[in-house]
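Below: one structure in structure tokens.
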Amino acid sequence: MNLEANNAMRGNDTPIRITDIQTLVVNAEMRNWIFVKVLTNQPGLYGWGEASLNWKTRAVTGTIEDLKTLLIGRDPRDIEQCLRAMNKFSYYRLGIIGATAISGIEHALWDIFGKSLDVPVWRLLGGQVRDKIRLYTHLGLGKMTAVYDTFDHGALRDQALSVVEAGYDALKVVFIPYGNHLSSIPDRKHVGRLMETLRTAVGDSVDIMIDFHGRPASIAAALGYIEALAPYGPMFCEEPVQPGDTAALIEVARRAPCPIASGERLVGLKEFIPVLSGKAVHIIQPDLNHTGGLLEGKRIAALADAELIGVAPHNPNGPLAGVAALHFAVSTPNFVIQEEMTGAVPWYAEVVDSPVKRTGSYWEVPQRAGLGVEINEAAAAKHPFKPEVQHAMSAMLSDGTIVDW
């Protein structure tokens, strides 16, 4: 029985239509979360999504304001058609800012669709393919200064042990030096010793991922660090070179003695196709908050599956992005592991009533309708927009050369 028939049985035969799209910005210290609320003409039926993009808050919220004129009056359940309207009617290619805005809106459309049928979103994405979702977090449980500023052996060891004590059996670190076209012997040895410290501290039963953040400026520099790390069994080395140079990534993956991952800065299926068809990675990392949403993420995952490549979605964003990733993971066969940062701020859980339940290093499968999340707008209002910390300003060599962050 269709929704209109169900509504008619309840005395409500009004078609569902989008009436407004609003944004709510929450400053989470090192970054702003951009929550998106899609309202409908049905009382109490609305959806939440997230469109957070570091250092681009005002650009994204402005883009959402522009895009909403393309959706007012449309049925929010026609997700494919809504996506086509936003992409096709925009004329110019939207890039990362536009794709992030669309992603947040699209999350909210799925939320509405699930609520309208009283089923969780993962049911609509293909249904359940696993009973629990494996997770990893960062040093400091996601506290940004710990994530990006830990180059000291003692702090690295202590923060890693804290993550393990919190129940996680996988963690990610960022300790590759800001780089140039060649890596020095002292830098390579320091990275190797840091990894040795980490592996000694947490043991072999804990998986370790190293985020290169695209800092090496050449294939040679990337491989130099990978070779220093490989003896200690990293789960994968992430983004060893800047995105966009697929040939370089293919060469790194071919020569690296450990798995390679990348993909967080790619936008839409078209940018993923050469990476996947060229087998430039062993793990692909679409960001469901930036690449166009859940539907685009499922397409990327399907192509990756055909190429024997696993999916580990990127997500250092806010609570709603995490919930969207959870529903994706429940329904995606070649999913491997999910990044999350629920420790980013101490009031994380005050802002959102979330279906996310963690047991050890796993999320449970959610059962609430839609995405199953609700925002405490009063609590969110206590953390209004602020300009974000420009952490990238530290990405500079000793001679003053600005390099990739």
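The values are calculated or read from the model by the stated rules, or taken from the named source; none is laboratory data. Just so it is clear, the structure is predicted and the values come from calculations on it, not from any experiment. Note: ideal-geometry Cβ built from the backbone for every residue, glycine included; neighbour counts use all protein chains shown.
If the requirement is being surrounded by 24 or more Cβ atoms within 10 Å (Cβ to Cβ), more than 23 Å from LEU229 (Cβ to Cβ) and assigned by TED's automatic domain parsing to the domain that holds ALA220, which of these qualifies: LEU269, LEU288?
LEU288
Considering only residues that are farther than 22 Å from GLU388 by Cβ and crowded, with 18+ Cβ neighbours inside 10 Å, which ones fall in segment 49-69?
The answer is LEU67, LYS68.
Would you check which residues across segment 213-231 are more than 20 Å from GLY263 (Cα to Cα) and in contact (Cβ under 8 Å) with a residue 40 or more places away in the chain and list them?
Hits for segment 213-231 are GLY224, ALA228.
Another question, if that's okay. Checking TRP347 against (1) crowded, with 18+ Cβ neighbours inside 10 Å; (2) modelled with pLDDT under 95; (3) more than 18 Å from SER103 (Cα to Cα), which single condition isn't satisfied?
Every listed condition holds for TRP347 apart from (1).
What are the pairs with Cβ atoms under 6 angstrom where one residue, in segment 88-107, is closer than 12 Å to SER52 by Cβ and the other, located anywhere, is of a type in the set (Asp, Glu)? Sequence gap at least six, or different chains.
GLY104/GLU50
List the pairs whose first member sits in segment 189-212 and is modelled with pLDDT under 95, whose second member is buried (at least 17 other Cβ atoms within 10 Å of the Cβ) and in a strand (DSSP E or B), and whose Cβ atoms are under 8 Å apart, counting only residues at least 6 apart or on separate chains?
none
How do the helices (runs of 4 or more DSSP H) wholly within segment 298-405 filter down when requiring 3 or more residues that are among the aliphatic types (A, V, I, L, M): which remain?
319-331, 377-380
Take GLY268 and decide whether it is in contact (Cβ under 8 Å) with a residue 12 or more places away in the chain and either in contact with a Gly (Cβ under 6 Å, 6 or more places away or on another chain) or acidic (Asp, Glu) (or both).
yes
Here is a yes/no grid of residues against (1) assigned by TED's automatic domain parsing to the domain that holds GLY104; (2) buried (at least 22 other Cβ atoms within 10 Å of the Cβ); (3) more than 12 Å from LEU288 (Cα to Cα):
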{"site": "GLY322", "(1), (2), (3)": "no, yes, no"}
{"site": "PHE328", "(1), (2), (3)": "no, yes, no"}
{"site": "THR332", "(1), (2), (3)": "no, yes, yes"}
{"site": "GLY343", "(1), (2), (3)": "no, no, yes"}
{"site": "ASP353", "(1), (2), (3)": "no, no, yes"}
{"site": "SER361", "(1), (2), (3)": "no, yes, yes"}
